[in-house]
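Scroll down for the structure; my scribbles are underneath it.
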Amino acid sequence: MLGFDDGPLVVGILNVTPDSFSDGGRFVDPARALEHALRMEADGADVIDVGGCSTRPGSEPATEEEELRRVLPVLEALEGRVTVPVSIDTWRSRVLAEAWDRGAAILNDVTALRGDDRTGPLAAELGLPTVLMHMADDPRTMQERPRYDDVVADVLAFFADALDRASRAGVSCSQAVLDPGIGFGKTVEHNLELLRRVAELRAPGRPLLVGTSRKSFLGKLLDRADPLERESGTAATSAHLCRCGVEMLRVHDVRAARDVICVTRRITGAEKEREIR
Ligand code: HH2
């Protein structure tokens, strides 16, 4: 279902939460969420990632009822209108089941199937591509004292466990996408190290999804408290990740990511002139 031959796929973020760090509260209303999803699709999104539970550092997770109350009306609004695949950013099996009923076709699980024992078997039964993300600890405490001997080695060990867990749940390895979880229990230096050595994260042979968009390490690097002022920093990471052959970029500004991919691929020769419309 996901083809990676034309450079990274762009995953447009649609947070339907009151408290997400960048776009919190903006798309809670289903009509506004649909409008934004259609905008991202027109801008070149390959996937729309709907999330109803912020994972902002220090945040308390929404209850299951609350998460359902947020995402289901939005998924209903998107179904039949958005033509690209919709992914659901959840670890909860019930949210996944209800989202699938409303057209969601990809699971994005920031707990890598550790959050709910029933989520893996359900994703397997439904045959869904499944994003398995690295997170040290959980969002409440993950930024308190992140420590690794070698962050890349630790993430690779985590990937091996996650793939094993997925396969025991019945998720075919060919459906797994791996994600180093930028900003999830990592210092600025850990994030930079993961980006610098992203090629090493390809060792398991699975596609990589990376989400740097507007994250706080960019705010710290650039001294920008406002997430909306971190777009140039995000673009720098997107160009780097595109050059490194990463398969999926998860971003807020789809148009900017598309521009970065277009120019980067022309520079590297990955995209020929005749392919440019
Ligand atoms: N980052 C966030 C949420 N979900 N999923 C994957 N696979 N990878 C990520 O890096 C990732 C993710 C956090 O960013 P955002 O959705 O913008 O914020 P919030 O968690 O505050 O809603």
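A 1.4 Å probe run over the stretch 104-166, with the rest of the protein chains in place, finds 43 Å² accessible per residue.
Length available on full extension from ASP149 to LEU222: 0.36 nm per residue minus the Cα-Cα distance, which gives 23.6 nm.
Using the beta-carbon distance between SER232 and ALA270 and R0 = 22 Å, what value does 1/(1 + (r/R0)^6) give for FRET efficiency, to the nearest 0.05?
Step by step, r from the Cβ atoms, then E = 0.45.
Adding -39500 (n - 2.57) for every DSSP H run of four residues or longer, then dividing by how many residues the chain holds, sets the calculated 222 nm ellipticity at -12000 deg cm²/dmol. Net charge dipole, the stretch 177-256: roughly 140 debye, given to the nearest 20, about the Cα centre with Cβ charges of +1 for Lys and Arg and -1 for Asp and Glu.
Extension gain for LEU2 to ALA42 (0.36 nm times residue separation, less C-alpha to C-alpha distance): 12.6 nm.
Please give the net charge around ASP29, taking every other residue with its beta carbon less than 11 angstrom from that of ASP29, where Lys and Arg add +1 and Asp and Glu add -1. Summing Lys and Arg as +1 and Asp and Glu as -1 gives +2. Along the axis of the charge dipole computed for the stretch 101-238 (Cβ charges of +1 for Lys and Arg, -1 for Asp and Glu, origin at the Cα centre), the listed residues MET135, GLY185, LEU221 are led at the positive end by LEU221. The heavy atoms of THR63 offer some 90 square angstrom of accessible surface to a 1.4 angstrom probe. Take the alpha carbon gyration tensor of the stretch 1-113, find the square roots of its eigenvalues, order them as a ≥ b ≥ c, and report rounded if a/c is under 1.5; if not, report prolate when a/b exceeds b/c, else oblate. Cα axes put the stretch 1-113 in the rounded bin.
Would you please classify the overall shape of the stretch 72-115 from the alpha carbon gyration tensor, given that a ≥ b ≥ c denote the square roots of the eigenvalues, rounded means a/c under 1.5, and beyond that prolate means a/b larger than b/c while oblate covers the rest?
Verdict is prolate for the stretch 72-115.
Placing unit charges on the Cβ atoms only, positive for Lys and Arg and negative for Asp and Glu, gives the stretch 140-189 a dipole magnitude near 240 debye about its Cα centre. Charge dipole of the chain (Cα centre as origin; +1 on each Lys and Arg Cβ, -1 on each Asp and Glu Cβ, all else neutral): 600 debye, rounded to the nearest 20.
Think of the chain as having a plus end and a minus end, set by charges on the Cβ of Lys, Arg, Asp and Glu; of VAL152, ALA97, LEU38, VAL152 sits farthest toward the positive end of this dipole. Within the shell of other residues whose beta carbon sits under 11 angstrom from the beta carbon of ARG258, the net charge comes to -2, with Lys and Arg scored +1 and Asp and Glu -1. Listed values for the stretch 103-118 are Karplus-derived 3J(HN,Hα) couplings in whole Hz (6.51 cos²θ - 1.76 cosθ + 1.60, θ = phi - 60°), namely x, 5, 10, 9, 9, 10, 10, 5, 9, 6, 6, 9, x, 8, 4, 8, and x replaces Gly and Pro. If Lys and Arg each add +1 and Asp and Glu each add -1, what is the summed charge of the other residues whose beta carbon sits under 11 Å from the beta carbon of CYS244? That sum, taken over residues with Cβ under 11 Å, equals +2.
Only helices reaching 24 angstrom along their own axis (Cα) with mean Kyte-Doolittle hydropathy no lower than 0.5 count here, and for the DSSP H runs of the chain these are 151-169. Across all C-alpha atoms in the chain, the radius of gyration and Dmax reach 17.4, 50 Å.
The values are calculated or read from the model by the stated rules, or taken from the named source; none is laboratory data. Because the structure is predicted, anything quoted here is derived from the model rather than measured. As a convention, Cβ positions derive from the backbone with ideal geometry for all residues, glycine included, and neighbour counts pool all protein chains shown. Protein only, heavy atoms only, side chains kept; ligands, DNA and RNA dropped before computing areas. Shrake-Rupley method; radii C 1.70, N 1.55, O 1.52, S 1.80 Å.
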